[in-house]
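**Q** Sending over a structure as structure tokens; questions will come in a sec.
Nothing in this text is a laboratory measurement; each read-out follows from the coordinates by a stated rule. What you see is a predicted model; the values in this text were computed from it and never measured. With ideal geometry, Cβ positions are generated from the backbone for all residues, glycine too; neighbour counts draw on all protein chains shown.
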Amino acid sequence: MGVHRITSEAAKYYAARERVLGNGISLLGVASEKASELDKKLLEEIGDLAAALLPHSPGYAGKLMAVVARLFWALAGVKEKEFKFVELEDLEKWIEELRKKIEG
């Protein structure tokens with residue numbers, strides 16, 4: 001029992017992935033509560049974010065990211081898009097930018 005240090009590259013990646021994924025899922029929840037207040041462009045971007053979280057989401061969370069992306073795209077009135085890979089650092093910035101748009 002003491003301080004746990006993240007030292008290996010794998011552990012650092014895992015911790016970063018969990019942080020970004022947690023923030024992303026939290027933002028998707030906030031967006032879902034405010035979906036009726038958001039414009040179509042923002043709904044589409046939230047769907048894009050959910051799609052970008054897919055490759056970083058393990059297990060059932062990953063399966064649900066595709067569902068969430070499709071639902072936000074449907075709310076935005078756009079067709080399903082290709083799911084693209086986005087690096088964790090870029091996702092983290094994107095999540096913060098979207099958080100400001102949604103909560104601001």
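**Q** Could you check how many residues of segment 23-56 are acidic (Asp, Glu) and surrounded by 14 or more Cβ atoms within 10 Å (Cβ to Cβ)? Outline the logic, then answer.
**A** Residues of segment 23-56 that are acidic (Asp, Glu), as a first pass: 33, 37, 39, 44-45, 48.
Then drop every residue that is not surrounded by 14 or more Cβ atoms within 10 Å (Cβ to Cβ), which leaves 44-45, 48.
Total meeting the criteria: 3.
**Q** Let me ask you something else. From (1) touching a Gly at 6+ places or on another chain (Cβ under 9 Å); (2) without any contact (Cβ under 8 Å) to a residue 12 or more places away in the chain; (3) of a type outside the set (Val, Ile, Thr), pick out the condition that doesn't hold for Gly62.
**A** Just one mismatch for Gly62, condition (1).
**Q** Now a separate question. Among the candidates Glu80, Glu9, which residue alone is more than 13 Å from the chain's Cα centre (by Cα), surrounded by 12 or more Cβ atoms within 10 Å (Cβ to Cβ) and more than 22 Å from Gly104 (Cα to Cα)?
**A** Just a single option satisfies the conditions, and that option is Glu80.
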